[in-house]
Amino acid sequence: KETTIHQMVVHFEELLKGIVKNPEQRINNLSMLTAAEEKMVLQSFNTTEVAYPKDKTLVDLFGEQVVKTPNAIAIAIEGLELTYQELDQKSNQLAHYLRSKGIEAESLVGICIDRSLEMMIGILGILKSGGAYVPIDPKYPTARINYIIDDAVIDIVLSSSDAIEALQHKEKLEIVLLDSDWGIIAKASSSGLAKTVAPENLAYVIYTSGSTGNPKGVMNQHSGIVNRLLWAQQEYNLQPGKDVVLQKTTFCFDVSVWELIWPVLTGVKLFLQEVEAGDCSSLRQVLCSGEALLPDHVNLFKEKFPEVRLDNLYGPTEAAIDVSSWSVPKEAKKVTVVPIGKPVANTSLYILNSEYKPLPVGVAGGLYIGGIQVSRG
């Protein structure tokens, strides 16, 4: 394209200027960027400041929503439901119970359970107690379960009668069953706890797959995930009484954090039950994250659901799930490249070479850096 050819000329000129100015410098110190391009890459693309509250935790935001919609359905699975008020009270009881067991801010509490109402009660109860939850899939191999418990120095795990078998081989571990032990837990107060957690405290620790060695526990604090979820609500606008979020991801994968917690911070229904093809006739938007979204996937999706919004989100577990997003243009008939998009609120995104310097850019069809296409800011 003409624009590509023109920018190649401009970059070649910048390269020659740099050589003439200092012929003795190392090749990898030469730049092809103009001053305007460098400002665009380093500053303009990363102008993402949004004044979200800095003093809020996930617990605070959930509590505020309970006051707004106490009787709305918060979570549903296989015909079972909990209202916001019921979910609040049950998670309060669990939080008081955990506090009586010595759980406090920064305590790591394991949760080994299948998807259920109890899973959500467990996650919120741990957060309200001040602790951080560590998800453990009951279907994990015994060696991996042992590794996570030992590596995180976990003394107490929340589970259920159906999942306890995965933990029975582990000695000196206190196991609390959120179904059969609930009679004991329910004796605790259902009222809210005094503030037990701050934005800088841990919210969860999720272990990586371990594909490059031993799994590593990735720690995220409340402030990071709060920023991510407030951005999500600003961007996607879940509407109470109208929207339902279908939770599809194992809670041992970081994407599950926003799938599980974002809905209950906004007053909509969280739906855990699996659905069959054709059940979602009112589908409004689909958010993809985790694995790379391929052009063929996008094109097939647009063919099947031409009126449904599709977004590609990208980010490492260490950075509170996602750091960038790109929405497939509604008018797009066929895409050939799926960008990772622009940075989310209060996040800067740089792609660097091995010397930690910005790489050259091209403008054809978006911003290309290091072989990755990023949409314009």
Exception for residue 76 within (1) closer than 21 Å to residue 239 by Cα; (2) in a helix (DSSP H, G or I) falls at (2)
What number of residues within the range 138-168 are open to solvent by less than 80 Å² (accessible area, probe 1.4 Å) and within 24 Å of residue 97 (Cβ to Cβ)? 16
Which residues, taken from the range 24-81, are touching a Gly at 6+ places or on another chain (Cβ under 9 Å) and aromatic (Phe, Trp, Tyr)? 45
Can you pull out every residue in the range 279-293 that is farther than 27 Å from residue 240 by Cα and open to solvent by 90 Å² or more (accessible area, probe 1.4 Å)? 291
Any residue in the range 261-271 that is in a loop (DSSP other than H, G, I, E, B) and out of contact with any Pro (no Cβ under 6 Å at 6 or more places or on another chain)? no
Before we move on, is residue 99 part of a loop (DSSP other than H, G, I, E, B), charged (D, E, K, R) and either crowded, with 19+ Cβ neighbours inside 10 Å or in contact (Cβ under 8 Å) with a residue 40 or more places away in the chain (or both)? no
Looking only at the range 9-68, which residues are charged (D, E, K, R), over 30 Å from residue 132 (Cβ atoms) and touching a residue at least 40 places away in the same chain (Cβ under 8 Å)? 37, 38
On the basis of being within 21 Å of residue 77 (Cα to Cα) and under 16 Å from the mean Cα position of the chain (by Cα), does residue 283 make the cut? no
Residues in the range 19-58 that are over 26 Å from residue 196 (Cβ atoms), in a loop (DSSP other than H, G, I, E, B) and among the basic types (Lys, Arg): how many? 1
Would you please name the residue that is farthest from residue 193 (Cα to Cα), looking only at residues in the range 59-81 that are out of contact with any Phe, Trp or Tyr (no Cβ under 6 Å at 6 or more places or on another chain) and crowded, with 20+ Cβ neighbours inside 10 Å? 75
Kindly provide the set of residues from the range 221-238 that are under 19 Å from residue 310 (Cβ atoms), within 14 Å of the chain's Cα centre (by Cα) and open to solvent by 40 Å² or more (accessible area, probe 1.4 Å), ordered by number. 233
Since residue 48 meets every condition but one in (1) open to solvent by less than 30 Å² (accessible area, probe 1.4 Å); (2) at pLDDT 90 or above, which condition does it not meet? (2)
Return the residue satisfying two criteria in turn: it lies in the range 316-356 and is assigned to a loop (DSSP other than H, G, I, E, B) and among the aromatic types (Phe, Trp, Tyr), and of such residues it is surrounded by the fewest Cβ atoms within 10 Å (Cβ to Cβ). 356
If I filter the range 82-95 for residues that are touching a Gly at 6+ places or on another chain (Cβ under 8 Å), open to solvent by less than 60 Å² (accessible area, probe 1.4 Å) and among the aromatic types (Phe, Trp, Tyr), do I get at least one hit? yes
Given the condition modelled with pLDDT of 90 or more and open to solvent by 40 Å² or more (accessible area, probe 1.4 Å), answer yes or no: does some residue in the range 268-278 qualify? yes
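For (1) open to solvent by 70 Å² or more (accessible area, probe 1.4 Å); (2) touching a residue at least 24 places away in the same chain (Cβ under 8 Å), each residue gets a yes or a no:
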{"position": "170", "(1), (2)": "no, yes"}
{"position": "181", "(1), (2)": "no, no"}
{"position": "185", "(1), (2)": "no, yes"}
{"position": "193", "(1), (2)": "no, yes"}
{"position": "217", "(1), (2)": "no, yes"}
{"position": "240", "(1), (2)": "yes, yes"}
{"position": "245", "(1), (2)": "no, yes"}
{"position": "264", "(1), (2)": "no, yes"}
Do we have any residue at all in the range 36-45 that's in contact with a helix residue (DSSP H, G or I) (Cβ under 9 Å, 6 or more places away or on another chain), surrounded by 15 or more Cβ atoms within 10 Å (Cβ to Cβ), within 14 Å of residue 127 (Cα to Cα) and acidic (Asp, Glu)? no
Which pairs turn up if I take residues in the range 291-318 that are closer than 16 Å to residue 341 by Cβ and look for partners that are of a type in the set (Lys, Arg) and open to solvent by 30 Å² or more (accessible area, probe 1.4 Å) with beta carbon separation below 9 Å, at least 6 apart in sequence or on another chain? 295/334; 298/334; 309/284; 309/330
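The values are calculated or read from the model by the stated rules, or taken from the named source; none is laboratory data. All values reported here derive from a predicted model rather than from experimental measurement. Counting neighbours? That spans all protein chains shown, and the Cβs are built from the backbone with ideal geometry, glycine included. What goes into the accessible areas is simple: the full protein's heavy atoms, side chains included, and nothing from ligands, DNA or RNA. Shrake-Rupley method; radii C 1.70, N 1.55, O 1.52, S 1.80 Å.
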